[in-house]
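Written below as structure tokens is the structure these notes are about.
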């Protein structure tokens, strides 16, 4: 059977994956056999999402009613019901529902009614607390299929330490990444010299190591020195797979979805207040504004180096009429030309405009010219993929270190 749980945490604490790790151990103690432990990220733009919009699915063999009872008890014991937006959902299904619901939850929006209809059709046991919104994620988790998959080892703190500063030796995290990269990734951001895998929220997670196999994340974890943990769990996940992205075209993008969009740069990017960089693209007569926000750091320099005529594939979430960039593929580079007033051939000073469609005039000697000075500058960038740094990367966004990203 498949047990799905979602929406048990809040900004003040708890973590659905921690609850899932506790349930895995409770199922084992009850004599049930656990086959797979799955962490499933859903649409990162969902308006009522929890911190990382993660649900869990546990594939297990045993008594369905007993499993449902154990899971219900843990939800009631551990979920943060004090938070208005925490509305847990629990599903126990003997068969995996139609994966279409998972894909819709990862790329679009689903309703509680849709989830209930699927569960009733499957004859699943389920329960929603408060408004039951967590049934959406719990149903999507049990319906999930992972044609591409990664793994994450999550270490959880002892309850007495929750809410206190985490004790993780910084140097050991850098050493773990150096020893296991590129088979693990995003534990640190070497460019900015910061640790990424240790959260700062008051939840039970101590750190998380992401990688291409259980063996690699376990190897990296062995090198990290930190405070004593309560439990540690390796999850198979859809993180780092671009499962949230769909192909889109300028002019037909929908709010709250994430896309791959082709287009051509219209004008030079502009750096605005706060260091955010705005890029405008077009396809035929339709235009799209893209943003590289300040937290994307050096990625903005790539965006700033684009010029009119460059052709791109941009990836990101479409929110408030703007595509928030996660990565871009530069397909072709145009010439970077500069058009200026010409130099006067008689006195060597630079001419100025003589007026609209009147060419140029030397203010020193009065000489005239109709032709501007056109020069070409070498490009500072090349074609290929460019991505935001680990500190700004979304859970689902596929890092380039994994290779084989389709343009």
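The values are calculated or read from the model by the stated rules, or taken from the named source; none is laboratory data. Nothing here was measured: the structure is a model prediction, and the numbers come from that model. For neighbour counting, all protein chains shown are included, and Cβ atoms are generated from backbone atoms with ideal geometry for every residue, glycine included.
Residue-by-condition table, conditions (1) over 25 Å from residue 267 (Cα atoms); (2) touching a strand residue (DSSP E or B) at 6+ places or on another chain (Cβ under 7 Å); (3) part of a loop (DSSP other than H, G, I, E, B):
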position	(1), (2), (3)
337	no, yes, no
345	yes, no, yes
357	no, no, yes
364	yes, no, yes
371	no, no, yes
375	no, yes, no
380	no, no, yes
- Run down 307, 303 and say which single residue is under 30 Å from residue 255 (Cβ atoms) and in a loop (DSSP other than H, G, I, E, B). 307
- Message: Quick check on segment 34-47: of everything there that is more than 13 Å from the chain's Cα centre (by Cα) and within 14 Å of residue 138 (Cβ to Cβ), which residue is surrounded by the fewest Cβ atoms within 10 Å (Cβ to Cβ)?
- Response: 38
- Task: Determine which member of the set 316, 321, 366, 348 is exposed (fewer than 15 other Cβ atoms within 10 Å of the Cβ), out of contact with any helix residue (DSSP H, G or I) (no Cβ under 9 Å at 6 or more places or on another chain) and closer than 19 Å to residue 278 by Cβ.
- Result: 321
- Item | Among (1) surrounded by fewer than 18 Cβ atoms within 10 Å (Cβ to Cβ); (2) touching a residue at least 60 places away in the same chain (Cβ under 8 Å) - the single one residue 252 does not satisfy | (2)
- Task: Could you list all residues from segment 239-285 that are closer than 30 Å to residue 216 by Cβ, touching a helix residue (DSSP H, G or I) at 6+ places or on another chain (Cβ under 7 Å) and in a loop (DSSP other than H, G, I, E, B)?
- Result: 240, 243, 244
- Note on the structure: Scanning segment 141-173 for residues that are in a helix (DSSP H, G or I) and in contact with a strand residue (DSSP E or B) (Cβ under 6 Å, 6 or more places away or on another chain) gives 141, 142, 170, 173
- Message: So if I check each of 361, 356, which one is without any contact (Cβ under 8 Å) to a residue 24 or more places away in the chain, surrounded by 15 or more Cβ atoms within 10 Å (Cβ to Cβ) and outside the structural domain of residue 54 (by TED's automatic domain parsing)?
- Response: 361
- Do we have any residue at all in segment 91-102 that's surrounded by fewer than 18 Cβ atoms within 10 Å (Cβ to Cβ), touching a helix residue (DSSP H, G or I) at 6+ places or on another chain (Cβ under 7 Å), part of a helix (DSSP H, G or I) and not assigned by TED's automatic domain parsing to the domain that holds residue 320? yes
- Message: residue 76 - would you say it is surrounded by fewer than 22 Cβ atoms within 10 Å (Cβ to Cβ), modelled with pLDDT of 95 or more and farther than 30 Å from residue 160 by Cβ?
- Response: no
- For residue 333, are the conditions met, namely being out of contact with any strand residue (DSSP E or B) (no Cβ under 7 Å at 6 or more places or on another chain), free of Cβ contacts under 8 Å to residues at least 60 places away in the same chain and within 21 Å of residue 278 (Cβ to Cβ)? yes
- Any idea which of 83, 57 is assigned to a strand (DSSP E or B), surrounded by 14 or more Cβ atoms within 10 Å (Cβ to Cβ) and either without any contact (Cβ under 8 Å) to a residue 24 or more places away in the chain or not assigned by TED's automatic domain parsing to the domain that holds residue 253 (or both)? 57
- Query: From the list 224, 231, which one is over 24 Å from residue 55 (Cβ atoms), in contact with a helix residue (DSSP H, G or I) (Cβ under 7 Å, 6 or more places away or on another chain) and either touching a residue at least 12 places away in the same chain (Cβ under 8 Å) or not in a strand (DSSP E or B) (or both)?
  - Reply: 224
- Task: Determine which single condition residue 305 fails, assuming it passes every other condition in (1) under 30 Å from residue 241 (Cα atoms); (2) in contact with a strand residue (DSSP E or B) (Cβ under 8 Å, 6 or more places away or on another chain).
- Result: (2)
- Item | Subset of segment 1-30 (residues that are closer than 19 Å to residue 199 by Cα, touching a strand residue (DSSP E or B) at 6+ places or on another chain (Cβ under 7 Å) and not in a loop (DSSP other than H, G, I, E, B)) | 16, 17, 18, 19, 20, 21
- Note on the structure: Per the filter on segment 255-283, residues over 18 Å from residue 311 (Cβ atoms) and crowded, with 18+ Cβ neighbours inside 10 Å are 257, 258, 277
